[in-house]
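Encoded as structure tokens, the structure appears first; notes follow it.
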Amino acid sequence: MIHSLSMKTMEYQRLSSREREEISRGLAEGAGVVALARRIGRNRGTVSREIARNSGCGEYRAISAGNRASMSASSRKQGKRILMKRGMLQSYVVEKIRACWSPEQIAVMLVREYPHDMTMRISHEAIYQYVYVLPRGSLKQSLIKGLRQERAWRRKKYRGRKSEETRGKIADMLSIEERPQEVASRTIPGHWEGDLILGKYKRTALGTLVERTTRYTMLVPLKAKDATSVRKAYAKAMRDVPKELARSLTYDQGKEMSQHKQFTVDTDITVYFAHPGSPWERGTNENTNGLIRQFFPKGTEFDKVPRREIRRAQDLLNGRPRKVLDYEMPNEAFTKLVALNF
């Protein structure tokens, strides 16, 4: 019983140098994971993860593995200590996470906003560690809520001809293949992508419009998701955008855009349609919709969401730095373009 208890306790301790050397020798002899686990008295999952983490170029080295483990443990402790000791840095990090900035965005912008203050420095990994090692409570809950969730796709992919048959055809569509090359290259601003984010039971929706060059996003409240309501709401949203920055709109083949010809008459914006089941053809919009879900998760009833809350989400999206823009904010990039066109 005593031997069994000591073995169980060992599983929760970090691997020692001797154990790593034993793994290295065993691998050189051709031993498998199960045999290695028995040899050092460890769980085979522990041994398997250790080998996977530290087998660069197919070779496991005990010394390198030990160094990595020490650096990782030190980083976790150091990240927590830095933020606990530096009140101004901690306040900055907490404020930006609550504004839905990612740890990477925070780390980069600290360098730009405090170029000569080395006390305002922390890695994005240390920020993650700080959040997750906090004790349970309202602070931890609010910060974790601010960290965005990664999702592969917003909705299921459509497959083959079935998607075309179920969605039907929109009359007089202009295919994305007819779209000018300048749109794909992003060399000229003013080309947008659009979509709907559906609410609970698909009864309500929120319109999204994203400018491809600056990633500036407009969230469009909708009274309904029929073609007439969507056309009028999108036209109203684009009314204040300078003509030079409202050249085209790329959309999927949703029936809500079936009045695209009238939309073009109203706005002078040409609408191009992506192929069915090809979300990558509107990659900017798809990625942005994933970010928007951070504010409005699946199951949201958009008819019950106040417009001020939608506006706040739009401001937060456009007011945080984006890596793709070299950490410039979308609202800054878009404002510069507006100024150039007046």
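Listed here are the residues, each with its yes/no results for (1) aliphatic (A, V, I, L, M); (2) closer than 21 Å to Lys169 by Cα; (3) touching an Asp or Glu at 6+ places or on another chain (Cβ under 8 Å); (4) buried (at least 17 other Cβ atoms within 10 Å of the Cβ).
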{"residue": "Arg231", "(1), (2), (3), (4)": "no, yes, yes, yes"}
{"residue": "Val241", "(1), (2), (3), (4)": "yes, no, no, yes"}
{"residue": "Arg308", "(1), (2), (3), (4)": "no, no, no, no"}
{"residue": "Arg311", "(1), (2), (3), (4)": "no, no, no, no"}
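Give me the pairs, please: first residue somewhere in region 29-56 and on the phi < 0 side of the Ramachandran plot and in a helix (DSSP H, G or I), second residue anywhere and buried (at least 18 other Cβ atoms within 10 Å of the Cβ) and among the charged types (D, E, K, R), beta-carbon distance under 7 Å, and either six or more positions apart or on two chains.
Partner pairs satisfying both residue conditions: Arg39/Glu22; Ile40/Glu19; Ile40/Glu22.
If we scan region 82-99, do we find a residue that is under 30 Å from Glu21 (Cβ atoms) and at pLDDT 70 or above?
Looking for residues that are under 30 Å from Glu21 (Cβ atoms) and at pLDDT 70 or above, one finds none in region 82-99, hence no.
Can you name every one of the strands (runs of 3 or more DSSP E) wholly within region 186-278 that holds 2 or more residues which are of a type in the set (Gly, Ala, Ser)?
Result: 205-211.
Determine the pairs where a residue that is within 14 Å of Phe295 (Cβ to Cβ), located within region 88-104, has a partner that is buried (at least 19 other Cβ atoms within 10 Å of the Cβ) and at pLDDT 90 or above with Cβ atoms under 6 Å apart, the partner being 6 or more residues away or on another chain.
Close Cβ pairs (under 6 Å, with a partner that is buried (at least 19 other Cβ atoms within 10 Å of the Cβ) and at pLDDT 90 or above) amount to Trp101/Arg320.
With respect to Glu177, is the statement that it is surrounded by fewer than 21 Cβ atoms within 10 Å (Cβ to Cβ), in contact with a strand residue (DSSP E or B) (Cβ under 8 Å, 6 or more places away or on another chain) and free of Cβ contacts under 8 Å to residues at least 24 places away in the same chain true?
No; evaluated as a whole, the condition is false for this residue.
Give me the pairs, please: first residue somewhere in region 235-257 and touching a residue at least 40 places away in the same chain (Cβ under 8 Å) and closer than 21 Å to Arg179 by Cβ, second residue anywhere and surrounded by fewer than 17 Cβ atoms within 10 Å (Cβ to Cβ) and basic (Lys, Arg), beta-carbon distance under 7 Å, and either six or more positions apart or on two chains.
Here the result reads Gln253/Arg167, each pair linking region 235-257 to a residue that is surrounded by fewer than 17 Cβ atoms within 10 Å (Cβ to Cβ) and basic (Lys, Arg).
Looking at region 290-306, which of the residues that are assigned to a helix (DSSP H, G or I) and more than 15 Å from the chain's Cα centre (by Cα) is surrounded by the fewest Cβ atoms within 10 Å (Cβ to Cβ)?
Lys304
Could you please let me know if Glu332 is assigned to a helix (DSSP H, G or I) and within 16 Å of Glu193 (Cα to Cα)?
no
So if I check each of Ser142, Ser70, Ser123, Ser163, which one is polar (S, T, N, Q) and modelled with pLDDT of 75 or more?
None of the other options fit; the residue is Ser123.
Out of region 313-342, which residues are loosely packed, with under 14 Cβ neighbours inside 10 Å, among the aliphatic types (A, V, I, L, M) and touching a residue at least 12 places away in the same chain (Cβ under 8 Å)?
Listed by number, the list holds a single entry, Val324.
The values are calculated or read from the model by the stated rules, or taken from the named source; none is laboratory data. Source: prediction; values computed, not measured. For neighbour counting, all protein chains shown are included, and Cβ atoms are generated from backbone atoms with ideal geometry for every residue, glycine included.
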